[in-house]
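Readers should treat all values here as calculations from the given coordinates under stated rules, not as data from a laboratory. None of these values were measured; they are calculated from a predicted model. Cβ atoms come from the backbone with ideal geometry, glycine included; neighbour counts cover every protein chain shown.
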Amino acid sequence: MDNDKIYKAQQLVNLHDFIGELIGTFMLVFFGCGSVAATVLFSAHVGLFQVAILWGIGVSLSIYATRHLSCAHLNPAVSVAMVVGGRMALSKLPGYIIAQFVGAFFAAIMLYLLFSDSIIQYEALHGILRGSPSSVKTAMIFGEFYPNPGAGPFASVSTLSAFLAEACGTFVLVFLIFALTDGCNLGRPDDALAPLFVGLAVTAIISVIAPLTQAGLNPARDLSPRLFAILAGWSSAALPDKQYGFLTVYVLGPITGGVLASLMFTHILAPFMKAKEDCNNCKCK
């Protein structure tokens, strides 16, 4: 009987985690990709920073809304990094990742329902045939491309450079998440402010990386909306290249950066912190 109660309790915890990650990732993609849609279709925002700050606000609000349900990773690269760093059990990883991809896909559907008429009108006015190479101008609402289609005619970013940009950007993001939430870091902000600072970190990173790759930093944020764009008629135009860059750049890049950040923080920086102050509160409960 006790084992049955333990099993049911664990299932309830897993359901909380799944719902939290699904809703949080939905909100993140809705706010972030929605800001891109408003910029592309209506020129509602001027300059990279306005889009970047909206992404950051979206991240902060999504974390605040769901961190009581799950640990509010909202990003497979962050979840993998947490497992590598010993902050989350490996058994939880599949549920987190599935929820993140599902949430991002639902957000893409919702955004298309909201903006589909405007997208059709934009394509008609600009002579864009959906699925043709020129339809990248609207496909970028959902998935990322390198170089950024809005970066100008002289932008040049190789697959290797794009991979390094995504890996570097995610490295910085995950490193800051560890630093901002680790109980051993006495310089961290109050727990109530940590989501705000994570959002500011996202804003700063996007401001630097987006001209190169649109700053995905999140495999679920990129791959799920990109898959939806393929199904919605953009076909191969929704892919950034013909060399599987949607996987190597926008999936493997962020995961690589996140894992390296986790290893560096856990095995290099954290021991220095623990040497200065005894700490027993270094895990996400």
Segment 159-245: which trypsin sites (Lys or Arg not before Pro) are DSSP loop and have at most 16 other beta-carbon atoms within 10 angstrom?
-> Lys242
Quick one: angle between helix 93-125 and the longest Cα principal axis of the chain, in degrees between 0 and 90, rounded to 10, please.
-> 20 degrees
Karplus-derived 3J(HN,Hα), 6.51/-1.76/1.60, for each residue of segment 67-84, Hz, glycine and proline x | 6, 7, 7, 10, 7, 6, 6, 6, 6, x, 5, 5, 5, 4, 4, 5, 5, 4
For Lys274, the aspartates and glutamates lying under 20 Å Cα to Cα, once residues fewer than eight places off in the same chain are dropped, come out as Asp182, Asp190, Asp191
Sort largest first and round to whole Å: the equivalent ellipsoid semi-axes of segment 138-285, each the square root of five times a Cα gyration tensor eigenvalue.
-> 34, 15, 14
Based on the alpha-carbon gyration tensor of segment 1-113, what equivalent-ellipsoid semi-axes (square roots of 5 times the eigenvalues) come out, in whole Å, largest first?
-> 32, 14, 11
Within the chain, what's the longest stretch lacking chymotrypsin sites (Phe, Trp or Tyr not before Pro) that sit in DSSP loops with no more than 15 other Cβ atoms inside 10 Å?
-> 1-153
Sorted by chain and then number, the residues having a modelled amide H within less than 5 Å of the amide H of Ala155, at least 5 places away or on another chain, are none
Could you work out the helix-only [θ] at 222 nm for the chain, with each DSSP H run of four or more residues adding -39,500 (n - 2.57) and the total divided by the number of residues, to the nearest 500 deg cm²/dmol?
-> -21000 deg cm²/dmol
So, how do all the Cα-to-Cα distances of segment 85-141 break down into 5 Å bins, in percent, from 0 on up?
-> 4, 16, 17, 15, 13, 9, 8, 8, 6, 4, 1
Vicinal HN-Hα couplings computed from phi for segment 48-62 (Karplus, 6.51 cos²θ - 1.76 cosθ + 1.60; Hz; Gly/Pro x) | 4, 5, 5, 5, 4, 5, 5, 4, x, 4, x, 4, 4, 5, 5
Taking alpha-carbon centroids only, segment 186-216 lies from segment 14-52 a number of Å equal to 14 Å
Based solely on C-alpha atoms, express the radius of gyration and the Dmax of the chain in angstrom.
-> 19.3, 68
